[in-house]
Amino acid sequence: MPETLLPRAFDTLLGRLRGQVDPELFTALTRTGVAIRAMATGRYQEALGSLRSARPWLRAYAQQYLELQNLALQAAALQALGDYDAALPLALQAVSIFDRMLEDTRTPEVLRSFAAGDHASVYRLVISLLFLTQRYATAFDYVERARAREFLARMGNPGYKTRPGQDIAAAERLHRLHDEIVSLQRGLQLGHAQDRGAYPTVSLSNAERIQARLQDLQAEYEDLVLQTRMQHPEWTARVRIDTLDMKTLKRDYLPADVTLVSYMTFASRVVVFVIQHEGNHVAEFATGVSGDPARAVKRLQETIDQFSTSIARPTAAFDSLARTLHKQLIAPVAPYIRHQKIILVPHGFLHDIPFAALEDARGRRLLEQYTITYLPSANALRFLSVKGGDFAGRMLAVGDPATDHLEPLRHAAEEARAAARLFDAKPLLGASATENRVRERAKHADLLHLAAHGIYDPDNPRLSHIALAADDGNDGRLEVGELLDEIDLSGVNLTVLSACNTGIGKRSGADDITSLARAFIYAGSRAVVSTMWPVDDEATAKLMAHFYCRLMSGEPPAAALRGAQIALMTSEVYGAPRFWAGFRLTGDHAGPWYPPGRAEPDCALVARGP
């Protein structure tokens, strides 16, 4: 079935509404169900008849949410029949209805659909049709609108912190849910449950009970977060987006010496936009399976999975995969890239690629050819341009915080000391690296360095966290949710997350990633260095020493990170990609990083190259 917005529980909805709504409306819903089943078996003309007969009743009963789905389904059926010009206006109407409804968050099903990412499906349908009808600039605009909706929603997420006008009982329930989830998670990490009375031993059966309980609590937590959003008009204001078109974005925000490469993945194609002052280029990738584009995209995804898995133990197969992915994703647009500095905006499963490790036919890694920066969307350029301020060298360095349930990081303390030494700062180490101290001192820093464990929670990414030392008022977990809701880092020019898994996260349907790295961007940091996988502790310390010396020598952060990665890549000990390819910089590639009047450091002395 073509990509489109479908009710996730349409049959359940019909069963619940039987006898509850007017007969005409129920008939319209039934016809929608008939259309869905017809489309599933390729009977698109039959589906169109049912959908067209149902829409007047949906409009008459002001069922906008169902009407937009009806329009999207009609557009998808016409697309399958090859009538793209007839499909496009219907898909655009569906997007227009959804946008209007999203601005009225009193409609709970719309908010829930937005949170689940269902709206992205109708955006993908529009983008696909725009591409098929060769309206490339407009297609890019809709790509950005889809991404920006999620970006702004994250920045305006009110979370579970009690605010004026909020239901206090609901806020207290959120706090209790949060605490219970954390307690059970920590119990599993420690190898035993916190509540010995409920779970006297951690046998396999008890662990399963705890996990089942966690899933129930996490589902309730997310439901209450959605309800909380609906109580706050400031969240509604955040989703009123005004994205810039390609021409304005390029003219006002894209540096003249930078090329932006933005990807978009579909079930049956991968599209890339190359944007720069010298001119734009749009390409659809041929991924090697003729006659079956959906199978080609599936094979591409499998290749990426193999590549990501094999990076831990690189073999000849790893290099072969690196060349295959370069040939498919970079080589087709490489002739159109005019600059050495590139900004990558991945999409979908492309987020999982360590692009720096891709290799061309001449054996050169992408890192050797380009200085690479990542962005959540092209329109993020306009937000990052107003963040941060002058760089005064006020560093907050944190190393190996003391926790009761995680292994010490042997080289993290020395890494933090070395970084702090360059900026005449005193690091927070071990038991002194408490959550309260980090929260307070981060307000006055313009550069953050956190050499600590990063814990990713795939079930509830808002609870992913940097592990700090606990104190009287905090549990030692600097969580994604807390960064989104409570912490202002708008004065921070650069955050370095020298921790495991800080760059990975859960993708929403709109392709935003709930990760620690993104959370620091949303909290106000102008740029973030993060990692895609657990990196060797000693190798990280070496890389960071190189990075900071280059930064203090006047290089912008993207160039400094590239230089540090190349230093490891060309070394005998740390040349394997697993040591360096997982680091990436998200955000502003260049900024006011070097304080005037400060002597340049002796990088050879500080880094003592690997």
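The values are calculated or read from the model by the stated rules, or taken from the named source; none is laboratory data. Not measured: the values here are computed from a predicted model. Every residue, glycine as well, gets a Cβ built from its backbone with ideal geometry; the counts of neighbours run over all protein chains shown. Side chains are part of the model used for accessible areas, which takes the heavy atoms of the whole protein and leaves out ligands, DNA and RNA. Shrake-Rupley method; radii C 1.70, N 1.55, O 1.52, S 1.80 Å.
Computed values, structure above
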read-out	value
Point-to-point label distance, K247-A392, nm (Cα→Cβ direction, 7 Å offset)	4.3 nm
Rounded, prolate or oblate (a/c below 1.5 giving rounded, otherwise prolate when a/b exceeds b/c) for region 304-412 by Cα gyration tensor	oblate
Solvent exposure, largest accessible area first (probe 1.4 Å, DNA, RNA and ligands not counted), of R124, R441, R477	R441, R124, R477
Amide H contacts under 5 Å for V492, placed H, 5+ residues apart	G388, R526
Residues with amide H under 5 Å from that of L468, placed H, sequence gap 5 or more	R477, L478
DSSP-assigned coil residues among chymotrypsin sites (Phe, Trp or Tyr not before Pro) in region 59-88, each with at most 16 further Cβ atoms within 10 Å	Y61
Accessible area of R37 in the full protein assembly, 1.4 Å probe (Å², nearest 10)	130 Å²
Separation in nanometres of the label points that stand 7 Å from Cα toward Cβ, at T27 and A331	6.0 nm
Full-extension gain in nm, A431 to S53, via 0.36 nm per residue minus C-alpha separation	129.3 nm
Cα centroid of region 319-343 to Cα centroid of region 530-555, whole Å	25 Å
Placed amide H near F266: partners under 5 Å, 5+ positions off or other chain	V271
Additional length obtainable on full extension of the chain from A294 to D319, 0.36 nm per residue less Cα span	6.4 nm
Förster radius 56 Å - calculated FRET efficiency between R421 and A267, Cβ distance, rounded to 0.05	0.60
Sites A312 and E368 - FRET efficiency at Förster radius 25 Å, r taken between beta-carbons, to 0.05	0.70
